[in-house]
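Structure first, then comments.
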Amino acid sequence: MSVNENLAGLSAAGVSVWLDDISRDRLETGGLKDLIAGAAVSGVTSNPSIFAAAITKGSGYDEQIADLAVRKVSVEEAARAITTYDIRWAADVLAPVFEQTGHQDGRVSIEVDPRLAGDTKATIAEAKALWWAVDRPNTMIKIPATEAGLPAITAAISAGISVNVTLIFSLARYRGVMDAYMAGLEGAKAAGHDLSQIRSVASFFVSRVDSEIDKRLDAVGTDEAKALKGKAAVANARLAYQEFENAFASPRWEALAAAGAVPQRPLWASTSVKNPDYRDVMYVEDLIAPGTVNTMPEGTIHDFADHGEVEADTIRPYYADAATVMLQLERVGIDYADVVKVLEDEGVEKFIVSWNQLLEQIESKLSVSGEQK
């Protein structure tokens, strides 16, 4: 199977294509292998919403759930057994990519229990438990970039755990994330870990920023405000890349790099377009730069394969334009600090709701399996 030309071009421009989805069915049917071969997919991300959706479809989880029911495990223990099974499987499928890319890609991410987002110690303990349970070097543990999450990120990195930092919306919080990563590497170095084997991505969310700000621009209602619709998310992400370039050119970073450390790559998340009036691949086309990851649902991957256009760099030439957009948003009354706080709070809450739905679905299936046995 030959790789799609558009997606191959995206990879050649320095953007790693990751799939934002996982399911037992996708693994059993070889669907993930097909995307690796034909769509240049080189990683997988998951979250509670994805697992909650996966377990409702088909019968792929029935046998495992029946075995768990016989053992009379708790619902939460069953949830971790089910999710880590899929992550291990996907990690094994991606193992060749992991080796071919010098351990940069071929990564699979699993998220800590989102209910722990405000509890640093519990998040650290959960991250360690998941790292041990999956037991694959190409795993990343997802930790949310909440205030409580930042020291947990540092602690996990210090312990030699590769981390996908999720739910980043603001530039200030992103600076905190990069600081937490470097502090973690400094701790890992002191503990004698091989820094070259510790990897991290910082998942900067995109489309949700436009969804929230567009709503507020409509409420302002002026022509000047409406002209800014659909511009905030890309501008915000472009300025995040500028922050990335600055942080990883600092003397602090140079000392870590000399010890073998690898930069924490920006990962563009939430890249499916929510507004049908916008170009369906805008959050891919407009965020191309070296050393980045774009994690997409399968639909967006297929859309880009069909009609995506690749330019060598659609971020760095536009720093000034991005700064202008953010200034214009402020002038029409958009409170950036409030926007990103709302988005972070909603992001955590949405994942908690999805996690609870997953637990409810598993509990129901365990009960049915128990009765059948």
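Brief remarks follow.
- Calculated from backbone phi, Karplus (6.51, -1.76, 1.60) coupling profile of the stretch 75-80 in Hz, x at Gly/Pro: 4, 5, 5, 5, 4, 6
- Apportionment of accessible area to carbon and sulfur, the chain, percent (1.4 Å): 51 percent
- Subset of LYS33/LYS57; LYS231/LYS350; LYS142/LYS189; LYS72/LYS341; LYS142/LYS274; LYS72/LYS128 violating a 29 Å alpha-carbon distance limit: LYS72/LYS341
- Spin-label model, ASP321/LYS128: points 7 Å from Cα along the beta carbon direction are separated by 4.8 nm.
- Folded to 0 to 90 degrees: helix 319-331 orientation relative to the chain principal axis, Cα: 90 degrees
- Protection-proxy order for peptides 65-71, 44-50, each taking the mean of Cβ atoms within 10 Å per residue, highest first: 44-50, 65-71
- Solvent exposure of the chain amounts to 40 Å² per residue of accessible area, where only protein heavy atoms count and the probe is 1.4 Å.
- Multiplying the residue separation of ASP179 and ASP67 by 0.36 nm and removing their Cα-Cα distance gives an extension gain of 35.9 nm.
- For the stretch 39-53, backbone phi angles converted through the Karplus equation (6.51, -1.76, 1.60; θ = phi - 60°) give residue-by-residue couplings of 10, 6, 5, 10, x, 9, 10, 9, 7, x, 5, 5, 5, 4, 6 Hz, Gly and Pro being listed as x.
- Couplings 3J(HN,Hα) for the stretch 256-270, derived from phi with the Karplus relation 6.51 cos²θ - 1.76 cosθ + 1.60 (θ = phi - 60°), are 5, 4, 5, 8, x, 5, 10, x, 7, 6, x, 10, 7, 10, 6 Hz, where x marks Gly and Pro.
- Counted by Cβ distance under 12 Å from ARG238, the other residues give a net charge of -3, where Lys and Arg count +1 and Asp and Glu count -1.
- Sites ILE352 and GLN100, calculated FRET efficiency, Cβ-Cβ separation with R0 41 Å, nearest 0.05: 0.65
- Principal-axis tilt of helix 298-307 within the chain, Cα atoms, nearest 10 degrees: 40 degrees
- In degrees, nearest ten, helix 120-134 long axis to first principal axis of the chain (Cα): 60 degrees
- A convex hull fitted to the Cα coordinates of the stretch 280-373 yields 169 cubic angstrom per residue.
- Stretch gain in nm, segment GLU311-ASP223, where the contour uses 0.36 nm per residue and the Cα spacing is subtracted: 28.6 nm
- Amide H to amide H, with H built 1.01 Å from N, MET140 comes under 5 Å of VAL108, SER109, ILE110, counting only residues 5 or more places away or on other chains.
The values are calculated or read from the model by the stated rules, or taken from the named source; none is laboratory data. The shown structure was predicted, so the numbers you read here are calculated from the model rather than taken from an experiment. Heads up, the Cβs are rebuilt from the backbone with ideal geometry, glycines too, and the neighbour counts pull from every protein chain shown. All accessible areas refer to the heavy atoms of the entire protein, side chains included, with ligands and DNA or RNA removed. Shrake-Rupley method; radii C 1.70, N 1.55, O 1.52, S 1.80 Å.
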